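Asker: Pasting a structure here, questions to come.
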Amino acid sequence: ELGQDHALPVLGLKPSSAYTIEVTLINQAGGRQKLTPALHTATGPLPANFPKVSVFQSDLTRMEPGYLLLDKTRRPLAPTPEYGMIGDRQGQVRWYSTVAGQDGLRQLPNGRLLLLNSDELDLLGNVFSPRTLDVPGLFLHHDLYPMQNGNFLSLTLEKVVVPNFPTSEVDPNAPHETKEITSDAVVEFGPDGSLKNIWHLHEMIDPTRIAYDSTKPGFPLFDAPDWSHSNAVFHDPTDDSILVSIRHQDAVIKFSRATGQLLWILGPHDNWGPAFQPYLLKPIGSPFEWQFHQHAMRVTPYGSVVLFDNGNYRASPFDGVAQRPDLQNYSRAVEYFIDPSKMEVQQVWEYGAAAEWKSFSASQGDADVMPLTGNVVLTMSDTRHIAGFPSADWGLGFAHTAIIEVDHATPPRKLFDLRVYDPNPNARTWVYRSERIPSLYAANVLIVPDSD
């Protein structure tokens, strides 16, 4: 707009580069004047402890345009900061921050990044706290989802005492006991941080039902069974419902936001009691495979559900199927179409099970359908094996993160392959999720498209 004071950050500069910035002023009559002399600046190198980022494949003509936002980059064996970063489609880092190293990072229309505690971070590093949270439970974790009505959904952890809880995942005759477990609640809070709704998962599904890992201590309270380990929440405005990914139940559930009524359960049918049989979706068609220990489900604009299927074990307790060893396992993006009137589910697309180089991602992960191309971007965090060989054999450390973009065809074609890693054979490099963003600026800032 017209004025005598203007400020706009120059974003997207590359490290170790020199730049000339030309500024042109335009007056009310349309007259133009270029300021002289031009401005000059130079950027420093990336920090010495920054993880390595390498692109092995990039088809710029068929990829989704924009930048790649990577949230919390962890290296648990290295005493280094946890970085959030933004890169271009050639793998060049264009921005990074230690403040932004948080799970579930996403960009808001104002250009800021939404942090897990609901603070907002601009790309100059300024933190804004527009709300004070009034959310019960121990803390928010894994996901913060902005709803169309301006509210937010997240997950909060709570301790629950459960009678008759199983003590073994391998012996169906092992004794049951009263046990304190960690469960999750879905919370909805307003733009000011006030609590609007809360739904307790242990009241919605059977707290004595187990899958693998749900009887073991784990994140984030190591003194109690990590029964649910929910990791994603999503609001579907078409029917005002909420979806939750419950990793340690190998289940995605859907319930009514208005009533809290359970609507369906997507996942293996093993170990669900009689009261929950009416909610189990019946698989139809071939090929079909259930998801195991999944992450980041989303409802697509055409009504299907896309998620990242980590695939841990690919079996359920007491189902008679042997656990699949990690070296023979694989992770994938999978798309299901659900018919709620018939309570049926059909697998309509997947990438990973039949990939040329199958990879196994033991934890974390993401799968997103792109709005312009329909491509799917996978975040394969904690990737320990590629094509049956350990990650270290590929020079990528004990575990690394792969960001893969494929088209939505059958079979899918890989368009982009980026690896975030530390070459130390014992190093682990994790990125919880990644998002394609159209620009580094707010939606109301007009820019010339980046040429990459």
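The values are calculated or read from the model by the stated rules, or taken from the named source; none is laboratory data. Note that this is a predicted model, so its numbers are computed, not measured. Glycine also receives a Cβ, built like all others from the backbone with ideal geometry; neighbour counts cover every protein chain displayed. Just so you know, the surface numbers come from the protein's heavy atoms only, side chains and all, with ligands and any DNA or RNA stripped out. Shrake-Rupley method; radii C 1.70, N 1.55, O 1.52, S 1.80 Å.
Asker: Let me make sure I get this right: for segment 149-283, a, b and c are the square roots of the gyration tensor eigenvalues over alpha carbons, sorted descending. Under 1.5 in a/c it's rounded, otherwise prolate if a/b > b/c, else oblate. Which is it?
Answerer: Details: a/c = 2.34, a/b = 1.44, b/c = 1.62.
It comes out oblate by the Cα gyration axes.
Asker: Take each of the peptides 66-74, 116-124, 52-60, average the number of other beta-carbon atoms within 10 Å over its residues, and list them starting from the highest. Mind showing how you got there, number by number?
Answerer: Values: 66-74: 23.2, 116-124: 16.4, 52-60: 14.6.
Averaged packing, sorted descending, gives the order 66-74, 116-124, 52-60.
Asker: On the accessible surface of the chain, probed at 1.4 Å, how many percent belong to carbon and sulfur atoms?
Answerer: Values: 10700 of 20120 Å².
On the chain, the fraction of accessible area on carbon and sulfur atoms equals 53 percent.
Asker: Place the peptides 95-107, 16-28 in order of packing, highest mean first, counting for every residue the other Cβ atoms within 10 Å and averaging per peptide.
Answerer: Sorting 95-107, 16-28 by mean packing, highest first, produces 95-107, 16-28.
Asker: Going 7 Å from the Cα of D59 toward and past its Cβ, which residues in segment 376-393 have a backbone nitrogen under 14 Å from where you end up?
Answerer: So the set is 376-377.
Asker: Leaving ligands, DNA and RNA out of it, rank H40, H141 by accessible area with a 1.4 Å probe, largest first. Before the final figure, lay out each step's value.
Answerer: Working: H40 140, H141 5 Å².
Order by accessible area, largest first: H40, H141.
Asker: Also, quick follow-up: Place a point 7 Å from the Cα of Y302 along the Cα-to-Cβ direction; which residues of segment 403-429 have their backbone N under 17 Å from it?
Answerer: Counting backbone N atoms under 17 Å from the label point, the list is 406-413.
Asker: Can you flag which of K52/K414; K52/K358; K179/K254; K159/K179 are past 19 Å Cα-Cα?
Answerer: Numbers: K52/K414 22 Å; K52/K358 22 Å; K179/K254 27 Å; K159/K179 10 Å.
Table pairs above 19 Å Cα-Cα are K52/K414; K52/K358; K179/K254.
Asker: Would you mind calculating the gained length between I437 and V170 on full extension (0.36 nm times residue separation, minus the Cα-Cα distance), in nm to one decimal? Kindly include the intermediate steps, with their values, before the conclusion.
Answerer: Numbers: separation 267, 0.36 × 267 = 96.12 nm, distance 4.41 nm.
Difference between extended and current length: 91.7 nm.
Asker: Starting from the Cα gyration tensor of segment 295-378, take the square roots of the eigenvalues, sort them a ≥ b ≥ c, and report rounded, prolate or oblate (rounded when a/c is under 1.5, otherwise prolate if a/b is larger than b/c, else oblate).
Answerer: On the way: a/c = 2.34, a/b = 1.31, b/c = 1.79.
Taking the square roots of the gyration eigenvalues as a ≥ b ≥ c, segment 295-378 is oblate.
Asker: Report ³J(HN,Hα) in whole Hz for each residue of segment 126-133, in order, from the Karplus equation J = 6.51 cos²θ - 1.76 cosθ + 1.60 where θ = phi - 60°; Gly and Pro get x.
Answerer: With coefficients 6.51, -1.76 and 1.60, one gets 7, 9, 10, 10, x, 8, 10, 6 Hz.
Asker: Right, another one. Using a/c under 1.5 as the rounded threshold, could you call segment 251-323 rounded, prolate or oblate? The axes a ≥ b ≥ c are square roots of the C-alpha gyration tensor eigenvalues, and prolate needs a/b larger than b/c, oblate otherwise. Write out the running numbers ahead of the final one.
Answerer: On the way: a/c = 1.83, a/b = 1.23, b/c = 1.48.
Cα axes put segment 251-323 in the oblate bin.
Asker: Full extension from N426 to Q90: what is 0.36 nm times the residue separation minus their Cα-Cα distance, to one decimal in nm? If you can, show how the numbers build up before the last one.
Answerer: Details: separation 336, 0.36 × 336 = 120.96 nm, distance 2.71 nm.
Gain in length upon complete extension: 118.3 nm.
Asker: Enumerate the calculated ³J(HN,Hα) couplings along segment 272-287 in order (Karplus 6.51 cos²θ - 1.76 cosθ + 1.60, θ = phi - 60°), each rounded to whole Hz, writing x wherever the residue is Gly or Pro.
Answerer: Values per residue, Gly and Pro as x: 8, x, x, 5, 9, 4, x, 9, 7, 6, 8, x, 10, x, 8, x Hz.
Asker: Using the heavy atoms of the protein chains and a 1.4 angstrom probe, tell me the accessible area per residue for the chain in square angstrom. Please list the in-between numbers first.
Answerer: Values: 20120 Å² over 452 residues.
The answer is 45 Å² per residue.
Asker: Note down the nm distance, to one decimal, between modelled labels 7 Å out along Cα→Cβ at V321 and at M147.
Answerer: Label at V321, label at M147, 3.5 nm between them.
Asker: Another one. Mean residue ellipticity at 222 nm from the helices of the chain, using -39,500 (n - 2.57) per DSSP H segment of n ≥ 4 over the full residue count, to the nearest 500 deg cm²/dmol? Walk me through the numbers on the way to the answer.
Answerer: On the way: 1 runs with 4 residues, N = 452.
Estimated from H runs of four or more residues: 0 deg cm²/dmol.
Asker: With the alpha-carbon atoms as the only input, what is the per residue convex hull volume for the chain in Å³? Don't skip to the end; give the middle numbers.
Answerer: Working: hull volume 73.6 nm³, N = 452.
Measuring per residue, one finds 163 Å³ for the Cα hull of the chain.
Asker: In whole angstrom, how far apart do the alpha carbon centroids of segment 334-409 and segment 134-151 sit?
Answerer: If we compute the Cα centre of each part, the gap is 26 Å.
Asker: Between W264 and residues 5 or more places away or on another chain, which pairs have amide H atoms under 5 Å apart, with H built 1.01 Å from N, and which residues are they?
Answerer: K254
Asker: So what is the relative contact order of the chain, in percent, for Cα pairs below 8 Å that sit 6 or more residues apart? Write down the numbers at each step before the final one.
Answerer: Numbers: 1131 pairs, mean separation 63.4, N = 452.
Here the relative contact order equals 14 percent.
Asker: For segment 440-448, in order, what is each residue's ³J(HN,Hα) by Karplus, 6.51 cos²θ - 1.76 cosθ + 1.60 with θ = phi - 60°, in whole Hz (x at glycine and Pro)?
Answerer: Karplus-based 3J(HN,Hα) across segment 440-448 equals 8, 10, 4, 5, 8, 9, 7, 10, 6 Hz.
Asker: Give the peptides 336-344, 146-154 in descending order of average Cβ contacts within 10 Å, highest first.
Answerer: Numbers: 336-344: 14.6, 146-154: 16.8.
Ranked by mean Cβ neighbours within 10 Å, highest first: 146-154, 336-344.
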